[in-house]
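Quick note: the coordinates plus some simple rules give every number you see, no bench work behind them. What you see is a predicted model, and the numbers here were worked out from it, not measured in a lab. Here the Cβ is made from the backbone with ideal geometry for all residues, glycine too, and neighbour counts use every protein chain on show.
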Amino acid sequence: MAMTLLSLAAFTAFYVAQMWLNLLFMVYFGLMAMQFTALIIYLWGEEKISFKPLKILYHLFCASSILVLPSFIFIFMGLISQYHVKIPESIDASNMAVEQILPGEETTIYNTGKAYIIFPKYSEIDLVCENRPSKSDKSITWCSGAAFQHTVSLSFSQINVEGDHACDGVLYESPYNKDNFAAFVFYDGTFKFEFDNQKEIMKEAAEAGGSGFMQFALIRDKEIVMNFDRPRARCYRTLAELNGNVCIIDSVNMVHFTEFMEELQRLGVTNAIYMDMGAGWNYSWYRRPSGKVNTLFGLPVPWSHNWVVFRD
C-alpha cells in the first residue's frame, strides 16, 4: 500500500513538473499501474488466485515496487528543479530606472522583483554541443540550454538540433528550421539577433569562426512577436538585448507566460528569443567574481545535448 501511494505521488509530481517525455510517461504510468494492480490482488486475497501465470505476474508486480523509490527521487528532483534559486548577491532594481540596468566589470545581476537580469562577463559567446560544459572550466561565466532538440535521445547528432547552428566556425544545417525561429549569433566580437535572414546570418557567423543557434522569436524591435497560453505557471528565461547589451532574463518565481512578457516589455527589451525551461532543460549556472559557481537549476538530463556559454 505504501509503494502504491508513493508511485501515485511520483506520477503526480511527474505531471506537475511537466516532464512530458513519452518514454518516461509510459514507464512511470506502467509502474503506477502495476502497484495498483498488486494492491487490488493483495486486498482481494492472493490465495484465491488459482491460475499459476497470474500468480507469477502478481509476484512480479510486487517485486517492481523496488523501482518506486528511485523513480520518486528522480521525479521529485525534477519538480524542485522548476523553482528558481534565490540570488542573494543580485542588485535590487525594483525602483531603479531601466536605463541604469547595465553590465558591470564582473558578472552583474539585477532583481526587479519579477525578473533576474543577468549580464555575464564575457569576451566570447559559444554554442557547445554533445559534451556538457564543465564547471571546472574557469573561462565559462554562464551556461544554460540553448536550442531545441527534435527528439529525446541519449545519443547525440547535430541533425537532431533544431534550426541551423554554428559551433566554433562550423555550420550545421538543420531540416527542422521553423518560420518563427530567430537566429542569435556571435562573431567578430559582436552579438546579433536576426529575424529575417536567419540562414544567411548563421552562415556568415560560421565563416567568421563564430557560433550561433536558432530559437523562437519573442521580441523584435521592442514588439512582441510570440504569444501563447500555457495552463500552468513556470519559470521562464530569455536570451535578450537590453539597453544595447546582451543578457539573460529569468523570472524570479513561477509565473504565467503573459506576466513574463509584460515584464520584458516594461523593461523595454529590444530583442529576445525563447529559452526552454522544462525540467532538466533549464539546467544553468554562472560563475561569481570569486570564481565559485552558483547553480540556478541543477538537474542535468542525459538527453540534453547543446548549451550556450559565455566565456571571459
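If you build a Gaussian network model of the chain, linking Cα atoms that sit under 10 Å apart, which residue out of 296, 60, 31 swings the most?
Per the Cα network of the chain with a 10 Å cutoff, 60 tops the list.
Would you work out the charge dipole size for the stretch 91-311 about its Cα centre, treating the Cβ of every Lys and Arg as +1 and the Cβ of every Asp and Glu as -1, and quote it to the nearest 20 debye?
About 860 debye.
Scan around residue 243 for amide H atoms under 5 Å from its own, H built in the peptide plane at 1.01 Å from N, and keep only partners 5 or more places away or cross-chain.
270
Apply the Karplus parameterisation 6.51 cos²θ - 1.76 cosθ + 1.60, with θ equal to phi minus 60°, to every residue of the stretch 102-116 and state each ³J(HN,Hα) to the nearest whole Hz, in sequence, with x for glycine and proline.
9, x, x, 6, 10, 3, 10, 10, 10, 10, 8, x, 10, 9, 8
Quick one: angle between helix 68-80 and the longest Cα principal axis of the chain, in degrees between 0 and 90, rounded to 10, please.
That works out to roughly 30 degrees.
How about the stretch 273-312: which chymotrypsin sites (Phe, Trp or Tyr not before Pro) there are in a DSSP loop, with at most 13 other Cβ atoms within 10 Å of their Cβ?
Answer by residue number: there is no such site.
For residue 138, list the lysines whose Cα falls under 23 Å from its own Cα; do not include residues on the same chain fewer than 8 positions away.
The qualifying lysines are 86, 121, 292.
Kindly put 260, 228, 191 in sequence by how many other C-beta atoms sit within 10 Å of each C-beta, fewest to most. Walk me through the numbers on the way to the answer.
Working: 260 24, 228 9, 191 17.
Least to most surrounded, the residues fall as 228, 191, 260.
Sorting check: for 244-252, 34-42, 147-155, which peptide has the highest mean count of neighbouring beta carbons within 10 Å, and how do the rest follow? Intermediate values should be presented prior to the final figure.
Working: 244-252: 19.9, 34-42: 18.2, 147-155: 15.0.
Per-residue mean Cβ counts within 10 Å order the peptides as 244-252, 34-42, 147-155.
Check cross-link reach from residue 199 to the aspartates and glutamates: straight Cα distance under 14 Å, and skip same-chain residues fewer than eight apart.
162, 164, 173, 179, 207
With a/c under 1.5 counting as rounded, go ahead and sort the chain into rounded, prolate or oblate using the C-alpha gyration tensor (a ≥ b ≥ c being the square roots of the eigenvalues; past the cut-off, prolate if a/b is larger than b/c, else oblate).
Details: a/c = 2.40, a/b = 1.92, b/c = 1.25.
Here the chain falls in the prolate category.
Pairing the Cα long axis of helix 52-63 with the longest principal axis of the chain, what angle in degrees results, from 0 to 90 and rounded to the nearest 10?
The angle comes out near 40 degrees.
I need the GluC sites (Glu not before Pro) found in the stretch 89-164, filtered to DSSP loop residues with at most 15 other beta carbons within 10 Å of theirs. Don't jump to the answer; show the numbers that get you there.
Numbers: sites: 89, 99, 105, 106, 124, 130, 162; in loops: 89, 105, 106, 130, 162.
Hits after loop and neighbour filter: 89, 105, 106, 130.
With a 10 Å cut-off between alpha carbons and a GNM built on the chain, which of 87, 140, 117 moves the most?
It is 87.
Tell me which lysines have Cα within less than 18 Å of residue 222's Cα, excluding those fewer than 8 residues away on the same chain?
192
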